[in-house]
Amino acid sequence: MMVLVATIGGDEFGVDITDTNIAVAGRVASRLLRKVAAEPVVISDDLSIPVTISIGTAMLVEGVDAVETFLALADGGRCKAKQQGRKRVVLGE
């Protein structure tokens, strides 16, 4: 398995996990969500900021013919995650 992380723009990042399936990708995303939430950003000794993320997952399969379509699926999942209360992983459909 190979993992590639890249910034897409602003505060959005993409994570590409090769040679896996959507179930494994969902578990990786859930673990990432917990790890980020567990580590606030420390500004000073008396100030730290909690960080949370919302994650949309998608799988590149036959019928998804362009990177833009694939990213739109994942982004749709991210938007649903935010609508459902944030701090969650949602499969983009």
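The values are calculated or read from the model by the stated rules, or taken from the named source; none is laboratory data. This one's a predicted model, so the numbers in the text were calculated from it and none came from an experiment. When we count neighbours, we look across all protein chains shown, and the Cβ atoms used for this are built from the backbone with ideal geometry, even at glycine. Heavy atoms of the whole protein, side chains included, go into the accessibility calculation; ligands, DNA and RNA do not. Shrake-Rupley method; radii C 1.70, N 1.55, O 1.52, S 1.80 Å.
Considering only residues of region 19-42 that are in a loop (DSSP other than H, G, I, E, B) and closer than 17 Å to Leu91 by Cα, which is most open to solvent (accessible area, probe 1.4 Å)?
Asn21
Quick one: Asp16 ticks every box in (1) in a helix (DSSP H, G or I); (2) of a type outside the set (S, T, N, Q); (3) touching a strand residue (DSSP E or B) at 6+ places or on another chain (Cβ under 6 Å) bar one, so which box is it?
(1)
Here is a list of conditions, (1) charged (D, E, K, R); (2) open to solvent by 90 Å² or more (accessible area, probe 1.4 Å); (3) in contact (Cβ under 8 Å) with a residue 12 or more places away in the chain, and Asp16 meets all of them except one; can you say which number that is?
Among (1) charged (D, E, K, R); (2) open to solvent by 90 Å² or more (accessible area, probe 1.4 Å); (3) in contact (Cβ under 8 Å) with a residue 12 or more places away in the chain, Asp16 violates only (2).
Could you grab me the full set of residues in region 43-93 that are open to solvent by 50 Å² or more (accessible area, probe 1.4 Å), over 20 Å from Thr20 (Cβ atoms), of a type in the set (Gly, Ala, Ser) and outside any strand (DSSP E or B)?
Within region 43-93, just Ala72 meets the criteria.
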